[in-house]
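**Student:** The structure follows.
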Amino acid sequence: MNGMTPADPGDEIAAPHPYRLAARRSHAGDSAIDVGDRRMGGGHFALIAGPCAIETRDETIAIARVVRDAGATMLRGGAYKPRTSPYAFQGLGATGLQILSDARAETGLPIVTEVMDVREVEAVAAVSDMIQIGARNMQNYALLTEVGRTRVPVLIKRGLSSTIEELLMASEYVLKEGNAEVVLCERGIRTFETAYRFTLDLAAVPVLKSLSHLPVIVDPSHAAGRRDLVEPLALAAAAVGADGIIVEIHPDPDSAVCDGPQSLRCDDFARFAARVRQVADAARQPDLIAAAV
Ligand code: PEP
Ligand code: MN
């Protein structure tokens, strides 16, 4: 016995999918998630932006002002960074969380930040409006269970080599613990292609939305790894029906401690945000498109 008996043995036969709470049929319509005073999903498009890593207090607050002034929804930024090399900058940790909290106080923007370790869930949950589970931890079931026990909304990024079903199963771990506020994120998967960092699987957006009621957003920054591709991929994500996008921005990408090559320049962000909103609005109003052609 593993203690995991189904609530009703008949469920296993009746359920066509191994995920239950994430399945579209388990919820009336699309779910919308409230993060701070912002709403994501259910027709509300979210634009999330910020640096890859929290570097300094002044820089973070300057970036947060750019994000707020462009009318974006939320500030992102990593205090705990998953790095391929153990010798690379690992993030400011608790100091980074304090800086994010200061940036929220300064701008009113809700904040989303990554947690990588079960031992840090309490501290991250205490300051963040949304907790990010990064691609490398998408199948860290202990971590998913622990964030499921908080009542802070959770953003789950698709693993580099994970199927759509595995992403939905990851969300199920959070939902099963009673945390209903989950957002899924397509951020590119690893393929044979080397011209860009990962292959952005945009088909995953309509597929996830057909299988699940959960909001689905797209991260074109980590998918592309190249600044020049971020805007076209963001526009495509908005057009294909994503509930939002999450992008990296930096005042001086050449000096960024991580992911500079894929970071948009702060100076370009307001124009970028306006373009993405135009497409997102158009995608939400099919009648208008029909009238225009
Ligand atoms: C990030 O958002 O900074 C990040 C590390 O993303 P991912 O987990 O998708 O690589
Ligand atoms: Mn990054």
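**Student:** Quick one: would you say Asp228 is open to solvent by 60 Å² or more (accessible area, probe 1.4 Å), closer than 27 Å to Glu59 by Cα, in a helix (DSSP H, G or I) and within 16 Å of ligand 2 (Cβ to nearest atom)?
**Tutor:** The answer is no for Asp228.
**Student:** Name the single residue, out of those in region 61-84 being small (Gly, Ala, Ser) and away from ligand 1 (no atom under 13 Å from the Cβ), that is nearest to the chain's Cα centre (by Cα).
**Tutor:** Ala72
**Student:** Just need a number here: residues in region 138-168 that are within 26 Å of Thr199 (Cβ to Cβ), more than 16 Å from ligand 2 (Cβ to nearest atom) and touching a residue at least 60 places away in the same chain (Cβ under 8 Å).
**Tutor:** Residues meeting the conditions: 2.
**Student:** Which one of these does Ala135 not meet: (1) in contact (Cβ under 8 Å) with a residue 24 or more places away in the chain; (2) over 20 Å from Arg38 (Cβ atoms); (3) open to solvent by 20 Å² or more (accessible area, probe 1.4 Å); (4) under 19 Å from the mean Cα position of the chain (by Cα)?
**Tutor:** Among (1) in contact (Cβ under 8 Å) with a residue 24 or more places away in the chain; (2) over 20 Å from Arg38 (Cβ atoms); (3) open to solvent by 20 Å² or more (accessible area, probe 1.4 Å); (4) under 19 Å from the mean Cα position of the chain (by Cα), the lone unmet condition for Ala135 is (3).
**Student:** Can you tell me which residues in region 112-129 are crowded, with 22+ Cβ neighbours inside 10 Å and more than 16 Å from ligand 2 (Cβ to nearest atom)?
**Tutor:** Passing the criteria: Val124, Ser128.
**Student:** Next question, about the same structure. In this structure, is Leu109 open to solvent by less than 20 Å² (accessible area, probe 1.4 Å), of a type in the set (A, V, I, L, M), part of a loop (DSSP other than H, G, I, E, B) and at pLDDT 95 or above?
**Tutor:** yes
**Student:** I want to confirm something. Restricting to region 182-225 and keeping residues that are surrounded by fewer than 18 Cβ atoms within 10 Å (Cβ to Cβ) and hydroxyl-bearing (Ser, Thr, Tyr), which single residue is nearest to ligand 2 (Cβ to nearest atom)?
**Tutor:** It comes out as Tyr196.
**Student:** Name every residue in region 162-190 that is farther than 20 Å from Ile246 by Cα and not hydrophobic (A, V, I, L, M, F, W, C), in order of residue number.
**Tutor:** Answer for region 162-190, where residues must be farther than 20 Å from Ile246 by Cα and not hydrophobic (A, V, I, L, M, F, W, C): Thr163, Glu165, Glu166, Glu172, Tyr173, Lys176, Glu177, Gly178, Asn179.
**Student:** Sticking with this structure for a sec: Can you report the number of residues in region 142-167 which are in a helix (DSSP H, G or I) and under 21 Å from Gly225 (Cα atoms)?
**Tutor:** Within region 142-167, residues that are in a helix (DSSP H, G or I) and under 21 Å from Gly225 (Cα atoms) number 0.
**Student:** For region 112-141, which residues satisfy the criterion of being in contact with a Ser or Thr (Cβ under 8 Å, 6 or more places away or on another chain), near ligand 1 (Cβ under 10 Å from one of its atoms) and part of a loop (DSSP other than H, G, I, E, B)?
**Tutor:** Within region 112-141, Met138 is the sole residue that qualifies.
**Student:** If you don't mind, there's one more thing I want to ask. Residues that are within 16 Å of ligand 2 (Cβ to nearest atom) and modelled with pLDDT of 95 or more: which strands (runs of 3 or more DSSP E) entirely in region 11-96 hold 1 or more of them?
**Tutor:** Those strands (runs of 3 or more DSSP E) span 46-50, 74-76.
**Student:** Moving to a separate point now. Give region 231-253 a look and list any residue that's away from ligand 2 (no atom under 13 Å from the Cβ) and touching a Leu at 6+ places or on another chain (Cβ under 7 Å), or say none.
**Tutor:** Of everything in region 231-253, those that are away from ligand 2 (no atom under 13 Å from the Cβ) and touching a Leu at 6+ places or on another chain (Cβ under 7 Å) turn out to be Leu233, Ala236, Ala237, Val240, Gly244, Ile245.
The values are calculated or read from the model by the stated rules, or taken from the named source; none is laboratory data. All values derive from a computational prediction rather than experimental measurement. Cβ coordinates were reconstructed from backbone atoms using ideal geometry, including for glycine residues, and neighbour counts include every protein chain displayed. Just so you know, the surface numbers come from the protein's heavy atoms only, side chains and all, with ligands and any DNA or RNA stripped out. Shrake-Rupley method; radii C 1.70, N 1.55, O 1.52, S 1.80 Å.
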